[in-house]
1. Which of (1) 0.93; (2) 0.96; (3) 1.00 is the computed Rg/Rh (Cα atoms, Kirkwood Rh) for the structure on display?
2. Can you tell me which aspartates and glutamates have their Cα less than 13 Å from the Cα of LYS28? Leave out same-chain residues fewer than eight positions away.
3. Net charge around ASN222, counting only other residues with Cβ within less than 15 Å of its Cβ (Lys, Arg = +1; Asp, Glu = -1)?
4. For the chain, set up a GNM with springs between Cα atoms under 10 Å and report which of SER91, SER243, SER109 has the largest fluctuation.
5. Can you tell me which aspartates and glutamates have their Cα less than 18 Å from the Cα of LYS130? Leave out same-chain residues fewer than eight positions away.
6. Ordered by residue, what ³J(HN,Hα) values in Hz, to whole numbers, does segment 103-110 give under the Karplus form 6.51 cos²θ - 1.76 cosθ + 1.60, where θ = phi - 60° and Gly and Pro are x?
7. Based on DSSP, what percent of beta bridges with both residues in segment 2-257 are antiparallel, to the nearest 5?
8. Is it possible to state the helix-based mean residue ellipticity at 222 nm for the chain, with each DSSP H run of 4+ residues giving -39500 (n - 2.57), the sum divided by total residues, to the nearest 500 deg cm²/dmol? What is it?
Amino acid sequence: MKIVFANSAWVSAAERLILRGGGWQSVKLRVRYGLLFHPTAGPVLIDTGYTPEALTGAQRGLMLRIYGALLKPELNAAEQVLLVLRRFGLSPDDIRTIIVTHFHADHISGLSLFRNARFIASDAAWARVKARGPWQNLRHGVFTELFPPDFEARLEGLSAKRRAEARVSVPGGADLFGDGSVIAVDLPGHADGQFGLLFAGSERPLLYAVDAQWLLKALTENRTPGFPATLIAEDATAIEPTSAMLRRFLGCGGEVMLCHDPAPTSYDLAPAAA
């Protein structure tokens, strides 16, 4: 089973905001999304990263425009999701499954590009999105205009998946494809319903921990940021327990990968030939 991650954009942040005891120098963060080639499900996207639909599209609402102006993401044109698919000989219609790790804009902004895809996501978190009003959703970092109109009809919730047992110091989770190859692991703290993905079949188990932290150093050096980073967390009290679980996983020989850490990994897509 092959897994590659591409970088949809860069976002800059002062190090001290994302690493306890860090300096004021700017860190250029990646905004990853993944492409998984599953033996039975075929090509599967893991989120979509940032796309022009969220950052430069003419149809964006006022709050999404303000969001883009504040964060100032820099789109990586060479690794936008449709171009990356083309590198593998795929079209949007070839994608039948998208795993949506949580509902923030840098993870869902391209969902509407994929008319044939089902969405594997937290149905509990989706129920809360529906129950909240627009301003409440904005407070939770959710821009509902980025969801396809038929999102719910295509939603395949985690609650319907078979539960897999705990392994490699990681709690059990939903078995996304029924074969133990990809396990959704709850990662509370950053966003409502956020889950990571455990790929246990490789020689060194990989846990894609999404936005549990912005920098891997925050985990390995036990330097999880406090205020003001905790202000934008869904559940600030859950951040440290989640981080401690990831450190135990690392201590047992596992590998943790994050969405935003700037350091290249062995799973990152090689640059396209000129």
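Just so you know, all these numbers are worked out from the coordinates, no wet-lab data involved. From a predicted model like this one, the values you see are computed outputs, not experimental measurements. Neighbour counts are summed over all protein chains in view; Cβ atoms, including those assigned to glycine, are modelled from backbone coordinates with ideal geometry.
1. (1)
2. Correct list for LYS28: GLU15, GLU74, ASP261.
3. Values: positive: ARG20, LYS217, ARG223, ARG247, ARG248; negative: GLU221, GLU240.
Spelling it out: positives minus negatives among the neighbours equals +3.
4. Greatest mean-square fluctuation among the candidates belongs to SER91.
5. GLU145, ASP150, GLU152, GLU156, ASP192, GLU234
6. Each residue of segment 103-110 in turn: 9, 6, 4, 6, 10, 10, 5, x Hz.
7. Details: 30 of 42 bridges.
Roughly 70 percent of the DSSP beta bridges within segment 2-257 come out antiparallel.
8. Working: 9 runs with 65 residues, N = 274.
After summing the helix terms and dividing by residue count, I get -6000 deg cm²/dmol.
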